[in-house]
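Structure, as structure tokens:
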Amino acid sequence: MKLDDYIYRGSFSFYDKKLQALVQNELPPEKWDSNTGHGPYDILRYYVSDTFEKLWDEREEAPQEERDRYIYEGASGLCFNTGLQDVNWQNIYFCCIKNDKIDKQPWKFIGFYNSYNIYSAPCKVPAVAVEALRRPNYFKDPSALVFDVRLDIVPQWNHIIGDEENFNRIPVSIRNMGRELCRNIIEGAIRTAKKRIEANYKTAVPQWYRNRIQLLVPLYLTNPNKPDLALVVSKNEDGTQYFGHTCLTIDMAYSNARLITKPESFWLLL
């Protein structure tokens, strides 16, 4: 279920002001704007929507008696745990009331509330229900979060340099050399990236995509101190190698990685 299909978030300006207040008054300092022209606080905007979708999927698979632990829906309010915490380590909740427009989404967003002020919110969610709300769970096997340096990376070149949209993410100075030289440069960057991971396992950062964990590997193509792209990799079915599926811009990589947790890897924070 898409968030906007089930919840009316209000006008763009209304929701933007709610995000702005959350960032400026509640959350610890963090990168929430990608500066890509997709609107202010676009990383946070996508984060909240994707979190709702993940919780919805988990709720659909849960026993009926446990469904309110993922997304609570009561007579007067809907609420879910965003997975975010304020500067005092209090959980941040996304709260809604019934939508008075019966031909629209059943719920209407009213605001973000922390563990304290949610009890005075108009959504009137019982304390026991708030305390039971879970954060989304993105992995069952912690080993999926760590790159296995014993395995090779097999790039999917038809997608990385054969697809025009993906090819255009590569720096123009590299693209202008032609696809063959571009491939050679990326191959060299992948070898170097594996050495970086061997030195620091946190270099490979997990992301969530299509209901599975993937890893983001930084590729340094034009500057040895600042990555140009992130290679998306995941293990093949028998776990004997990694496929390199595509390359993302650093902003795209940060947004995807943030869904699981706040990235701590140095290259995503440059």
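How many residues does the stretch 85-130 contain that are touching a residue at least 60 places away in the same chain (Cβ under 8 Å) and of a type outside the set (Val, Ile, Thr)?
Residues flagged as touching a residue at least 60 places away in the same chain (Cβ under 8 Å) and of a type outside the set (Val, Ile, Thr) within the stretch 85-130 amount to 14.
Scan the stretch 175-191 and give yes if some residue there is at pLDDT below 95, out of contact with any Phe, Trp or Tyr (no Cβ under 8 Å at 6 or more places or on another chain) and among the basic types (Lys, Arg), otherwise no.
Checked the stretch 175-191: no residue is at pLDDT below 95, out of contact with any Phe, Trp or Tyr (no Cβ under 8 Å at 6 or more places or on another chain) and among the basic types (Lys, Arg).
Restricting the first residue to the stretch 157-170 and requiring it to be under 19 Å from PRO227 (Cβ atoms), which pairs with a second residue that is among the aromatic types (Phe, Trp, Tyr) and surrounded by 11 or more Cβ atoms within 10 Å (Cβ to Cβ) meet a Cβ separation below 6 Å and a spacing of at least six or different chains?
From the stretch 157-170, the pairs are ILE161/PHE167.
Restricting attention to the stretch 217-231, and to residues there that are aliphatic (A, V, I, L, M), open to solvent by less than 10 Å² (accessible area, probe 1.4 Å) and in contact with a helix residue (DSSP H, G or I) (Cβ under 7 Å, 6 or more places away or on another chain), which single residue is farthest from ILE174 (Cα to Cα)?
The qualifying residue farthest from ILE174 (Cα to Cα) is VAL217.
Which one is farthest from ARG258 (Cα to Cα), of the residues in the stretch 202-216 that are open to solvent by 40 Å² or more (accessible area, probe 1.4 Å) and in contact with a strand residue (DSSP E or B) (Cβ under 9 Å, 6 or more places away or on another chain)?
Ranking the candidates gives ARG212 first.
Of all residues in the stretch 117-143, count the ones that are part of a helix (DSSP H, G or I) and either surrounded by fewer than 17 Cβ atoms within 10 Å (Cβ to Cβ) or among the basic types (Lys, Arg) (or both).
Looking only at that region, the number is 10.
Go through the stretch 10-62 and report how many residues are open to solvent by less than 50 Å² (accessible area, probe 1.4 Å), within 20 Å of TYR72 (Cβ to Cβ) and of a type in the set (D, E, K, R).
Of the residues in that region, 4 qualify.
Report, by residue number, each residue of the stretch 30-46 that is of a type in the set (Val, Ile, Thr) and assigned to a helix (DSSP H, G or I).
Of everything in the stretch 30-46, just one residue is of a type in the set (Val, Ile, Thr) and assigned to a helix (DSSP H, G or I), namely ILE43.
What's the total number of residues in the stretch 96-105 that are open to solvent by less than 50 Å² (accessible area, probe 1.4 Å) and either over 16 Å from SER49 (Cβ atoms) or not in a loop (DSSP other than H, G, I, E, B) (or both)?
Residues that pass the stated criteria total 3.
Residue by residue, here is whether (1) within 21 Å of the chain's Cα centre (by Cα); (2) closer than 25 Å to THR246 by Cα; (3) at pLDDT 95 or above holds:
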{"site": "TYR116", "(1), (2), (3)": "no, no, no"}
{"site": "PRO122", "(1), (2), (3)": "no, no, no"}
{"site": "PRO126", "(1), (2), (3)": "no, no, no"}
{"site": "TYR138", "(1), (2), (3)": "yes, yes, no"}
{"site": "ASP141", "(1), (2), (3)": "yes, yes, no"}
{"site": "LEU151", "(1), (2), (3)": "no, yes, yes"}
{"site": "VAL154", "(1), (2), (3)": "no, yes, yes"}
{"site": "HIS159", "(1), (2), (3)": "no, yes, no"}
{"site": "ILE170", "(1), (2), (3)": "no, yes, yes"}
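Test ASN88 against the criterion of being open to solvent by 30 Å² or more (accessible area, probe 1.4 Å), at positive phi and assigned to a loop (DSSP other than H, G, I, E, B), and give yes or no.
No, not satisfied.
Residue by residue through the stretch 232-270, note down the ones that are assigned to a loop (DSSP other than H, G, I, E, B), open to solvent by less than 30 Å² (accessible area, probe 1.4 Å) and touching a Ser or Thr at 6+ places or on another chain (Cβ under 9 Å).
Selection gives LEU259, SER265.
The values are calculated or read from the model by the stated rules, or taken from the named source; none is laboratory data. Keep in mind the model is a prediction, meaning the values are calculated, not measured. Every residue, glycine as well, gets a Cβ built from its backbone with ideal geometry; the counts of neighbours run over all protein chains shown. Keep in mind that these areas ignore ligands, DNA and RNA; they rest on the heavy atoms of the full protein, side chains included. Shrake-Rupley method; radii C 1.70, N 1.55, O 1.52, S 1.80 Å.
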